[in-house]
Amino acid sequence: MDALHHFILASILLVATVTDLRSRRIPNLLTYPAMLLALALHTQAQGLPGLFFALTGLALGLGLMLLPFLLGVMGAGDVKLMAAAGAFLGATGVLKAFLFTSLAGGAYALVVLALRPAVLARMLCAMRDTFGLFLATRQFVYSPADTGRLPKLAYGVAIAIGTIASVLHSGGPAAFIPSWAI
């Protein structure tokens, strides 16, 4: 994939980040055209193999985020954004982006919790109690704490950071500079 595709993907991720932070939503008006654009770009560049590359990435990106969505911990916009990233990056690229996104999401969640020390303390106590119960009974029984309402994450931020980090890891900063811009 060339730098122009990476630049377009980064632009889409930037818009998704801004809209997610502002409204806690990633609009279909962004994700569906992004998917179609990636499919068209890869098909135009490589024909049917390019279409297959984009479709497999789209399907894997969707599949990786489907379980968290079904469990209610991820929004539909996040799922569609990762699917769009997959259409740009292909299956291997979206898998790597998902791993980087998971790391970024974990760090992001820790920062958000650190800004709410009372919630963090209650969660740590619940984890301690669960672990203690496991040691005593050898059975895993989650001991939930009264954490109140947990803070919502704008997970589009983590998707953007993780996806861009994975592209940078693969190709360095030059991965985002189109040849016509040099």
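Test L99 against the stated conditions and say whether it is surrounded by fewer than 21 Cβ atoms within 10 Å (Cβ to Cβ) and either among the β-branched types (V, I, T) or modelled with pLDDT of 95 or more (or both). For L99, the condition - surrounded by fewer than 21 Cβ atoms within 10 Å (Cβ to Cβ) and either among the β-branched types (V, I, T) or modelled with pLDDT of 95 or more (or both) - is met. The conditions of being more than 17 Å from the chain's Cα centre (by Cα) and either over 21 Å from K152 (Cβ atoms) or in contact (Cβ under 8 Å) with a residue 12 or more places away in the chain (or both) are met by L48.
Taking (1) polar (S, T, N, Q); (2) within 25 Å of G57 (Cβ to Cβ); (3) modelled with pLDDT of 80 or more in turn, S179 satisfies each apart from (3). For first residues located in the stretch 118-138 and more than 24 Å from P151 (Cα to Cα), partners that are exposed (fewer than 11 other Cβ atoms within 10 Å of the Cβ) and of a type in the set (A, V, I, L, M) and lie 6+ apart or on another chain with Cβ distances below 6 Å form the pairs L133/V141. For L55, the conditions (1) farther than 14 Å from G156 by Cα; (2) part of a helix (DSSP H, G or I); (3) at pLDDT below 95 all hold with the exception of (3). Mind checking which residues of the stretch 65-124 are part of a helix (DSSP H, G or I) and at positive phi? If the condition is that a residue be part of a helix (DSSP H, G or I) and at positive phi, then G90 is the only one that fits. Of all residue pairs spaced 6 or more apart or on separate chains, those with beta-carbon atoms under 9 Å, a first member in the stretch 155-172 that is in contact (Cβ under 8 Å) with a residue 12 or more places away in the chain and over 17 Å from D20 (Cβ atoms) and a second member that is crowded, with 17+ Cβ neighbours inside 10 Å and of a type in the set (V, I, T) are A165/T101; S166/V94; S166/T101.
Taken as a whole, the stretch 107-126 holds at least one residue that is under 30 Å from A3 (Cβ atoms), under 22 Å from the mean Cα position of the chain (by Cα) and either of a type in the set (G, A, S) or crowded, with 16+ Cβ neighbours inside 10 Å (or both).
Determine, yes or no, whether T17 is in a helix (DSSP H, G or I), within 12 Å of the chain's Cα centre (by Cα) and β-branched (V, I, T). Criteria met by T17.
The values are calculated or read from the model by the stated rules, or taken from the named source; none is laboratory data. Since we're looking at a predicted model, the values are computed, not measured. Every residue, glycine among them, receives a Cβ derived from its backbone with ideal geometry; neighbour counts consider all protein chains shown.
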